[in-house]
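Worksheet for the structure shown next.
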Ligand code: DGL
């Protein structure tokens with residue numbers, strides 16, 4: 001049987017990464033798991049995020065996957081550095097591809113990172129960036145209100161503008177020329193972030209680089225599907241209706257046949 005690419009996120013946000021995977025790997029089957037019973041991960045402790053991540057990986061392994069993409073920035077930054085060596089299946093997170101692209105893009109060696117509290121506290125982006133170039137100055141800011149605003153569909157207007165201005169102020173002061181959107185939800189706020197930060201600042205949305213990395217690994221391992229009619233399956237741990245309502249905004253098309261599973 002053809003093996004699929006497994007993807008998981010704390011909820012619906014990982015669909016921004018899935019969208020790129022579908023665009024760049026149109027022949028691949030994809031199994032997506034959104035842990036909607038336990039979202040958000042961004043405010044949970046590292047130990048809890050590690051436990052949830054292990055459970056999600058074990059669920060996906062039962063779905064016959066050949067690679068797992070950890071689409072959630074919080075899970076990638078808190079759990080992957082610890083877990084990577086414990087599984088035989090390739091685990092691809094979203095941190096390294098984003099960090100690499102940012103180091104490549106910066107001209108003044110000042111990079112900003114925004115993400116959930118968990119992602120920022122883990123300092124994983126800093127670690128990855130410093131390994132690539134120790135001279136780079138990094139300013140990292142947690143933006144916890146962005147996730148609920150995006151889920152409410154408040155992508156423009158006075159409230160989100162005020163919140164974004166406050167969060168982005170230290171990054172403007174630090175004169176970053178490159179800003180990593182270190183959370184699944186933030187690409188949807190690109191227009192407002194771009195307006196506040198200015199056109200000269202490069203916004204890094206790692207989804208595309210993640211898809212390129214997944215393709216490279218599958219190719220190296222001889223696991224790429226050359227043809228076939230791809231199947232995309234979607235599982236959640238709670239509330240498929242909520243997931244379905246938001247899915248179109250994140251994936252760019254509606255999602256049908258969402259199955260609720262009790263894996264947790
Ligand atoms: N998916 C999470 C991330 O990228 C955001 C939502 C959450 O806090 O669970 O960090």
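Residue under question is residue 74, and the condition is that it be within 16 Å of the ligand (Cβ to nearest atom) and touching a residue at least 60 places away in the same chain (Cβ under 8 Å); does it hold? Talk me through it step by step, then tell me what you get.
Details: within 16 Å of the ligand (Cβ to nearest atom): yes; touching a residue at least 60 places away in the same chain (Cβ under 8 Å): yes.
Here the answer is yes, as residue 74 does meet what is asked.
I'm told residue 88 meets every condition in (1) without any contact (Cβ under 8 Å) to a residue 60 or more places away in the chain; (2) part of a helix (DSSP H, G or I) except one. Can you identify the failing condition by its number?
(2)
Residues to consider are 80, 67, 61; find the one that is within 16 Å of the ligand (Cβ to nearest atom) and in contact (Cβ under 8 Å) with a residue 24 or more places away in the chain. So that I can check it myself, show each step before the final result.
Details: 67 fails: within 16 Å of the ligand (Cβ to nearest atom); 61 fails: within 16 Å of the ligand (Cβ to nearest atom).
Among 80, 67, 61, only 80 is within 16 Å of the ligand (Cβ to nearest atom) and in contact (Cβ under 8 Å) with a residue 24 or more places away in the chain.
Of all the residues that make up region 38-58, how many are buried (at least 17 other Cβ atoms within 10 Å of the Cβ) and either assigned to a loop (DSSP other than H, G, I, E, B) or within 13 Å of the ligand (Cβ to nearest atom) (or both)?
The qualifying residues number 10.
Under the condition of being part of a loop (DSSP other than H, G, I, E, B) and touching a helix residue (DSSP H, G or I) at 6+ places or on another chain (Cβ under 9 Å), which residue from region 110-151 is nearest to the ligand (Cβ to nearest atom)? Reasoning before the result, please.
In the first step, residues of region 110-151 are kept if they are part of a loop (DSSP other than H, G, I, E, B); the result is 116, 123, 133-136, 143-145.
Pick out the ones that are also touching a helix residue (DSSP H, G or I) at 6+ places or on another chain (Cβ under 9 Å) and you get 116, 123, 133, 136, 143-145.
Numbers: 116: 4, 123: 14, 133: 24, 136: 22, 143: 10, 144: 8, 145: 11 Å.
Checked region 110-151; the qualifying residue nearest to the ligand (Cβ to nearest atom) is 116.
Confirm whether residue 16 is within 15 Å of the chain's Cα centre (by Cα), in a helix (DSSP H, G or I) and either farther than 20 Å from residue 237 by Cβ or within 14 Å of the ligand (Cβ to nearest atom) (or both). Spell out how you get there, then give the answer.
Values: within 15 Å of the chain's Cα centre (by Cα): yes; in a helix (DSSP H, G or I): yes; either farther than 20 Å from residue 237 by Cβ or within 14 Å of the ligand (Cβ to nearest atom) (or both): yes.
Yes, satisfied.
If you check residue 46 against the conditions, is it touching a strand residue (DSSP E or B) at 6+ places or on another chain (Cβ under 8 Å) and over 20 Å from residue 16 (Cα atoms)? I'd like the intermediate steps shown before the answer.
Numbers: touching a strand residue (DSSP E or B) at 6+ places or on another chain (Cβ under 8 Å): no; over 20 Å from residue 16 (Cα atoms): yes.
So residue 46 does not fit the description; no.
Let's see how each residue does on (1) in contact with a strand residue (DSSP E or B) (Cβ under 9 Å, 6 or more places away or on another chain); (2) on the phi > 0 side of the Ramachandran plot:
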| site | (1), (2) |
| --- | --- |
| 78 | no, no |
| 83 | yes, no |
| 91 | yes, no |
| 96 | no, no |
| 123 | yes, yes |
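Suppose we filter region 179-216 for residues that are closer than 19 Å to residue 122 by Cβ and part of a strand (DSSP E or B); how many remain? Explain how you work it out, then say what you get.
As a first pass, look at region 179-216 and keep what is closer than 19 Å to residue 122 by Cβ: 179-186, 204, 206, 210.
Next, only the ones that are part of a strand (DSSP E or B) stay: 179-182, 204.
Of the residues in region 179-216, 5 are closer than 19 Å to residue 122 by Cβ and part of a strand (DSSP E or B).
Can you pull out every residue in region 89-101 that is more than 16 Å from the ligand (Cβ to nearest atom) and farther than 24 Å from residue 56 by Cα?
100, 101
Which numbered condition in (1) in a loop (DSSP other than H, G, I, E, B); (2) within 12 Å of the ligand (Cβ to nearest atom); (3) in contact (Cβ under 8 Å) with a residue 60 or more places away in the chain; (4) buried (at least 22 other Cβ atoms within 10 Å of the Cβ) is the only one that residue 28 fails?
All conditions are met except number (2).
What is the residue count in region 107-121 for residues that are surrounded by 21 or more Cβ atoms within 10 Å (Cβ to Cβ) and in contact with a strand residue (DSSP E or B) (Cβ under 6 Å, 6 or more places away or on another chain)? Walk me through how you get there before you give the answer.
If we filter region 107-121 for residues that are surrounded by 21 or more Cβ atoms within 10 Å (Cβ to Cβ), which is where we start, we get 111-116, 118-120.
Subset that is in contact with a strand residue (DSSP E or B) (Cβ under 6 Å, 6 or more places away or on another chain): 111-115, 119-120.
Here the count works out to 7.
Can you say whether residue 157 is within 15 Å of the ligand (Cβ to nearest atom) and either within 30 Å of residue 221 (Cβ to Cβ) or out of contact with any strand residue (DSSP E or B) (no Cβ under 6 Å at 6 or more places or on another chain) (or both), as far as the supplied structure shows?
Details: within 15 Å of the ligand (Cβ to nearest atom): no; either within 30 Å of residue 221 (Cβ to Cβ) or out of contact with any strand residue (DSSP E or B) (no Cβ under 6 Å at 6 or more places or on another chain) (or both): yes.
Judged against the criteria, residue 157 is not a match.
What pairs come out if I take residues in region 246-260 that are free of Cβ contacts under 8 Å to residues at least 24 places away in the same chain and pair them with residues that are in a strand (DSSP E or B) whose C-beta lies under 9 Å away, six or more apart or interchain?
Close Cβ pairs (under 9 Å, with a partner that is in a strand (DSSP E or B)) amount to 256/234.
Identify all residues within region 225-241 that are crowded, with 16+ Cβ neighbours inside 10 Å and modelled with pLDDT under 95; write none if there are none.
225, 230 - these are the residues of region 225-241 that are crowded, with 16+ Cβ neighbours inside 10 Å and modelled with pLDDT under 95.
The values are calculated or read from the model by the stated rules, or taken from the named source; none is laboratory data. Values in this document were obtained by computation on a predicted structure and should not be read as measured data. Here Cβ is always computed from backbone atoms with ideal geometry, including for glycine, and neighbour counts include all displayed protein chains.
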